[in-house]
Every structure is written in structure tokens, then in C-alpha cells.
């Protein structure tokens with residue numbers, strides 16, 4: 001359960017990071033690549049939710065600018081990981097659409113797992129740096145938001161059928 005709470009913290013910080021990154025982009029800056037992985041589906045592509053979290057936590061302009069600086073510093077290191085993952089996903093697609101080769105798919109899956117591990121480490125480092133910028137009150141608020149989110153997720157999971165419906 002503690003691992004799940006940690007993942008929720010990371011997801012919330014990802015949303016927060018996305019908010020800062022979204023606010024930091026100018027017209028001549030290309031958009032950030034979408035975040036992928038265990039928690040980053042909530043990353044860059046959830047516009048309204050990112051602003052919501054920043055408002056809920058009442059971030060100061062200084063906090064926003066510091067978070068922006070963290071993201072801008074780390075973004076160049078993340079970009080090649082996203083690109084490598086995209087290349088592997090494209091390579092895997094040929095085994096979906098064509099003939100299946102267990103050994104080659106396994107090798108690509110192993111490469112993808114290594115990239116995802118590197119991404120998880122980098123994302124956790126970024127989220128930690130951003131979390132440290134929050135005041136104790138903001139950290140407490142974030143934990144409350146996460147607890148509510150966790151309760152909603154658990155309720156959703158409890159409503160899911162145990163086995164897929166027969167067709």
C-alpha cells in the first residue's frame with residue numbers, strides 16, 4: 001500500500017511539474033513530449049488538471065520559476081529516453097502487424113524496460129526536487145489531495161468486475 005501512495009505522490013508531482021512546464025513554454029518553444037510510464041499518463045497532456053494542482057497548492061511565483069528551472073535543466077536528459085522508447089515501440093509494432101518472433105520481442109522488451117527504469121529514476125529525482133520546494137503546508141495539502149485521489153481510485157477498482165464479461 002505504501003508503494004501505491006508513493007506512486008500517487010509521484011503522479012501528483014508529475015501533474016505539478018507539467019503545470020510548471022506548460023506555463024514555462026513560449027510560442028517558439030516546442031511542446032514537451034507526453035510523459036509515459038506508470039504515473040506519467042497524468043503528465044503533460046492533462047491541461048486543466050495541472051493548473052488545478054498549482055492552484056490548490058497556491059504556488060508562489062518563485063516556486064513556479066524554480067520548478068520551471070528544474071524542468072528546463074532536466075528536460076534535455078529526458079528527451080533521448082523518450083526518443084529511444086518511441087523507436088522501440090515502432091519496432092515492436094512490426095511484431096503486432098507481422099509475424100511474431102518471441103526472442104526479438106523479448107530483446108526489445110528488455111531494452112524498453114531499461115529505458116523505463118532510467119526514466120523512472122530521472123522522473124523521481126525531478127519530482128523530489130520539486131517536492132522539496134513546497135512548504136510543509138503545501139506538502140500536507142498535496143498529501144490530502146493524493147489521499148482523496150487514492151480513495152477514488154480504490155473505489156473505481158472495487159467497481160471493476162473480477163473477470164472480463166463473456167461475449
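Here are some notes:
- Check on residue 154, under 20 Å from the mean Cα position of the chain (by Cα), surrounded by 10 or more Cβ atoms within 10 Å (Cβ to Cβ) and in a helix (DSSP H, G or I): yes
- In the range 48-59, the residues that are within 16 Å of residue 138 (Cβ to Cβ) form Cβ pairs under 6 Å with partners that are modelled with pLDDT of 75 or more, at six or more places apart or across chains, as follows: 57/138; 57/141.
- Qualifying residue in the range 126-142 (condition: at pLDDT 95 or above and more than 30 Å from residue 68 (Cβ to Cβ)): no
- Looking only at the range 85-144, residues that are in contact (Cβ under 8 Å) with a residue 40 or more places away in the chain and not in a helix (DSSP H, G or I) come to 2 in all.
The values are calculated or read from the model by the stated rules, or taken from the named source; none is laboratory data. Since we're looking at a predicted model, the values are computed, not measured. Every residue, glycine among them, receives a Cβ derived from its backbone with ideal geometry; neighbour counts consider all protein chains shown.
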